[in-house]
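Trainee: Here you go, one structure.
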Amino acid sequence: MHEVTGDLREAVFEYARTRLSYSPPPLDSPKAEAELQTLAGQTISESGMGGSAALTLFGEVLAPSTISTDHPGYLSFIPSAPTEASKLFDLIVSASAIYGGSWMEGAGAVYAENQVIEWLVRETGLPKSAGGVFVQGGTIGNLSALVAARFYAEKNGGRKSSRWAFICSSEAHSSLKNAARVMDVDIIAAKVNAEGQLTGEAVEQALSNSKDVDVFAIVATSGTTNFGIVDRLDEVGQVAKQNQIWFHVDGAYGLAGILAPSTRKLFAGVELADSFIVDPHKWLFAPFDACALVYRNPEIARLAHTQHGEYLETLTESGEWNPSDYAINLTRRPRGLPLWFSLATHGVAAYREAVETNCQLAREAAELIRQRDDLELVREPMLSVVVFKKKNWKQADYDRWSAKLLEDQIAFVVPSSHAGEPNLRFAIVNPTTTIETIREILDRIDRD
Ligand SMILES: *Cc1c(COP(=O)(O)O)cnc(C)c1O
């Protein structure tokens with residue numbers, strides 16, 4: 001069972017080679033399950049269909065039924081635009097069977113991942129002693145950081161009221177609600193200012209309104225997913241310090257914006273963070289799935305997260321850096337390696353330029369929208385998200401237009417909404433997305 005023929009190996013490499021050579025890749029689109037049942041049928045059997053047949057089925061039926069998130073016209077949600085170097089290295093990680101949970105087993109890989117973490121620490125201005133781990137995504141990153149924060153609060157005074165709570169803005173990501181549910185803690189939603197930002201004043205107000213709970217963390221978002229709004233990190237961080245409360249920065253999408261010269265200043269104050277996250281699979285041009293989770297004082301996280309078990313003690317007592325100890329995970333793929341290889345290959349300057357290009361394109365897209373009487377820019381883009389409306393359009397109009405755009409294989413732009421009003425949203429993280437791509441999409445909105 002462990003052997004495949006050299007032919008199958010070559011066929012798989014050939015598939016990968018072809019997919020990597022597409023520029024752009026086919027956008028493709030989903031199919032209904034019933035249709036896939038008809039086209040693909042039952043694929044698992046006692047005897048197997050053979051690698052060649054399975055690969056053909058994937059190439060001809062399954063792959064075209066999945067959207068390519070790296071297509072330049074994929075502008076919904078947060079797309080993914082991995083560099084070729086990072087995709088290639090993902091193949092090597094898969095081929096190498098590296099266990100990324102412990103230093104004992106994965107020293108070389110963990111060293112390389114930590115080089116990337118150290119680079120993020122330098123960019124954000126945390127102390128050199130900061131450290132962390134690459135986890136599956138921002139959801140697990142936020143949860144792991146908040147678990148460490150609560151652990152710290154428990155060790156330092158403990159809970160005096162009946163409930164733990166953390167503060168975040170009403171614009172914060174849904175994963176924080178999930179974290180609160182999983183941890184059985186409350187959320188205090190603080191108001192945002194006219195720019196949509198969480199401010200120091202709003203946090204102070206939220207604190208004074210929450211005397212009946214114990215606040216163990218204050219969460220700022222640096223790049224909301226809806227709009228790319230960066231909270232006032234400096235103010236919020238100061239208030240957290242003054243009140244001796246853990247300061248977490250959720251930069252899953254937007255913290256990469258610290259690399260762009262034109263947006264770097266928005267992130268002043270991130271250096272005050274006790275923990276932060278940023279997803280390389282969002283805006284650091286790495287493949288799914290990777291979130292860098294960084295702690296100012298990793299020792300707190302280690303005490304909060306280390307799993308103990310008879311068969312594990314040889315690892316936990318070693319004194320070595322074991323990535324598993326810093327989040328809610330044990331077995332882990334060294335998922336920071338594709339980013340490490342790409343960074344080592346291209347250098348940091350190329351990343352600064354790519355992020356800057358995306359921000360610049362967002363500003364140009366906003367300008368195109370402003371020039372049209374029938375469109376309305378909902379707010380100025382702060383990073384690389386552009387939100388706008390077509391005057392007089394209802395949800396059904398947006399839906400119809402979006403479906404046609406995908407059907408014609410031009411772009412994938414699903415309607416979004418804010419405050420109950422439907423709108424359109426471009427999230428730009430792909431350096432191959434150009435102003436022509438944007439213009440083509442906008443031109444397909446009838447100017448009635
Ligand atoms: C995407 C996102 C998350 C969740 O990250 P996943 O990698 O999708 O789990 C959390 N916070 C923000 C601000 C995000 O944009």
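The values are calculated or read from the model by the stated rules, or taken from the named source; none is laboratory data. Given the structure is predicted, the values throughout are model-derived calculations rather than measurements. Glycine gets a Cβ as well: all are built from the backbone with ideal geometry, and neighbour counts include every protein chain shown.
Trainee: Go through (1) within 16 Å of the ligand (Cβ to nearest atom); (2) without any contact (Cβ under 8 Å) to a residue 40 or more places away in the chain for Gly157 and report which single condition fails.
Mentor: (1)
Trainee: Same structure again: Among the residues of segment 373-388, write down those that are more than 17 Å from Ile428 (Cα to Cα), in contact with a strand residue (DSSP E or B) (Cβ under 9 Å, 6 or more places away or on another chain) and either among the basic types (Lys, Arg) or assigned to a loop (DSSP other than H, G, I, E, B) (or both).
Mentor: Answer for segment 373-388, where residues must be more than 17 Å from Ile428 (Cα to Cα), in contact with a strand residue (DSSP E or B) (Cβ under 9 Å, 6 or more places away or on another chain) and either among the basic types (Lys, Arg) or assigned to a loop (DSSP other than H, G, I, E, B) (or both): just Asp374.
Quick grid of which residues meet (1) within 30 Å of Trp164 (Cα to Cα); (2) surrounded by fewer than 22 Cβ atoms within 10 Å (Cβ to Cβ); (3) in contact with a helix residue (DSSP H, G or I) (Cβ under 6 Å, 6 or more places away or on another chain):
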| position | (1), (2), (3) |
| --- | --- |
| Leu91 | no, yes, no |
| Ser96 | no, yes, no |
| Ser102 | no, no, yes |
| Glu105 | no, yes, no |
| Gly108 | no, yes, no |
| Trp119 | no, yes, no |
| Pro127 | yes, yes, no |
| Gln136 | yes, yes, no |
| Ile140 | yes, yes, no |
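Trainee: Taking only segment 161-178 into account, find how many residues are of a type in the set (Lys, Arg) and either within 14 Å of the ligand (Cβ to nearest atom) or not assigned by TED's automatic domain parsing to the domain that holds Gly137 (or both).
Mentor: Number satisfying all stated conditions: 1.
Trainee: Which number in (1) surrounded by 11 or more Cβ atoms within 10 Å (Cβ to Cβ); (2) more than 29 Å from Arg425 (Cβ to Cβ); (3) in contact (Cβ under 8 Å) with a residue 24 or more places away in the chain marks the one condition that Thr38 misses?
Mentor: For Thr38, the exception is condition (3).
Trainee: Scan (1) in a helix (DSSP H, G or I); (2) within 16 Å of the ligand (Cβ to nearest atom) for the single condition Trp119 breaks and write down its number.
Mentor: Of the numbered conditions (1) in a helix (DSSP H, G or I); (2) within 16 Å of the ligand (Cβ to nearest atom), the odd one out for Trp119 is (2).
Trainee: Check Asp234 against each of (1) surrounded by 19 or more Cβ atoms within 10 Å (Cβ to Cβ); (2) in contact with a helix residue (DSSP H, G or I) (Cβ under 9 Å, 6 or more places away or on another chain); (3) of a type in the set (D, E, K, R) and name the one condition it does not meet.
Mentor: (1)
Trainee: Hey, another quick one. Go through (1) assigned to a loop (DSSP other than H, G, I, E, B); (2) modelled with pLDDT of 95 or more; (3) farther than 16 Å from Arg150 by Cβ; (4) out of contact with any Lys or Arg (no Cβ under 7 Å at 6 or more places or on another chain) and name the single condition Gln244 misses.
Mentor: Only one criterion is unmet by Gln244, namely (3).
Trainee: What number of residues in segment 393-427 are in a loop (DSSP other than H, G, I, E, B), over 19 Å from Asp28 (Cα atoms) and at pLDDT 95 or above?
Mentor: We begin by selecting, within segment 393-427, every residue in a loop (DSSP other than H, G, I, E, B); these are 393-394, 408-411, 413-415, 419-420.
After this cut, where a residue has to be over 19 Å from Asp28 (Cα atoms) as well, the list is 393-394, 419-420.
Next, from what is left, pick out any that are at pLDDT 95 or above: 393-394.
Of the residues in that region, 2 qualify.
Trainee: Let me ask something else about it. Just for segment 179-221: of the residues that are within 16 Å of the ligand (Cβ to nearest atom) and farther than 26 Å from Leu266 by Cβ, which one is surrounded by the fewest Cβ atoms within 10 Å (Cβ to Cβ)?
Mentor: My answer is Arg181.
Trainee: List pairs: first residue in segment 354-366 and within 17 Å of Leu343 (Cα to Cα) and at pLDDT 95 or above, second residue of a type in the set (Phe, Trp, Tyr) and part of a helix (DSSP H, G or I) anywhere in the structure, Cβ distance under 8 angstrom, at least six positions apart or on different chains.
Mentor: Cβ pairs passing all conditions: Val355/Trp283.
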